[in-house]
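The values are calculated or read from the model by the stated rules, or taken from the named source; none is laboratory data. In this text, all values refer to a predicted model and were calculated from it rather than measured experimentally. Glycine also receives a Cβ, built like all others from the backbone with ideal geometry; neighbour counts cover every protein chain displayed. Heavy atoms of the whole protein, side chains included, go into the accessibility calculation; ligands, DNA and RNA do not. Shrake-Rupley method; radii C 1.70, N 1.55, O 1.52, S 1.80 Å.
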Amino acid sequence: MTEAARDEVDRLVAAWRRERPDLDVQPLEVLSRVTRLARHLDRARRTAFAEHGLEPWEFDVLSALRRTGEPYQLSPGQLLTQTLVTSGTMTNRIDRLAAKELVVRGPDPADRRGVLVRLTTAGRELADAALAGLLKNERELLAALPADRLTTLADLLRTLTLPFDIAEH
């Protein structure tokens, strides 16, 4: 492999192989790249959301509501499940999004004590615009791979993440 084709992970793996030849450092070749890619993805996402005046957590809540379809509403408990935050954190997030008029709270007709959080028209439009920006940035991150390799990569990553998803449900 030429020096130009080597990435930072190749260099750190070579250093560990030199310093600790007794250890199999092959997991670093995959997972260190996944970690580095996650950092780049986080930056791309933050940039896409910032272009629309959103924080990542705001997009998480708005997109959870948007994905439900009309009338774009969920209970706070359903939002907790989809966004993996605590009850207190979700209450704070709903309050902040309501103050921006991106969501509204209303009574749950199926449960007199319950509340539903509904996406406003402004919230739906913002979620849609932010999603389009996000997908543009993510396509740029993946541009080096042809479509068939993207499908293979998605399948391989699913194999790695599926046990975590099963454990959470």
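Surface analysis of segment 1-133 yields an accessible area of 64 Å² per residue, using protein heavy atoms and a 1.4 Å probe.
Principal-axis analysis of the Cα atoms of the chain puts helix 87-99 at an angle of about 70° to the longest axis.
A simple rule links phi to the HN-Hα coupling: the Karplus curve 6.51 cos²θ - 1.76 cosθ + 1.60 with θ = phi - 60°, which for segment 128-138 gives 5, 5, 5, 5, 4, x, 4, 5, 4, 5, 5 Hz, with x for Gly and Pro. Of the peptides 68-78, 108-118, 150-160, 48-58, the ranking by mean beta-carbon count within 10 Å, highest at the top, reads 48-58, 68-78, 108-118, 150-160. The accessible surface of the chain, taken with every protein chain in place and a 1.4 Å probe, is 56 percent carbon and sulfur. The calculated 222 nm mean residue ellipticity attributable to helices in the chain amounts to -22500 deg cm²/dmol, summing -39500 (n - 2.57) over DSSP H runs of n ≥ 4 and dividing by all residues. Evaluated at q = 0.13, 0.16 Å⁻¹, the base-10 log of the normalised Debye intensity for the chain, with identical point scatterers placed on the Cα atoms, takes the values -0.82, -1.06. Taking label points 7 Å from Cα along the Cα-to-Cβ direction, Leu162 and Thr81 give a separation of 2.2 nm. Taken over the C-alpha atoms, segment 87-153 has Rg and Dmax values of 18.1, 53 angstrom.
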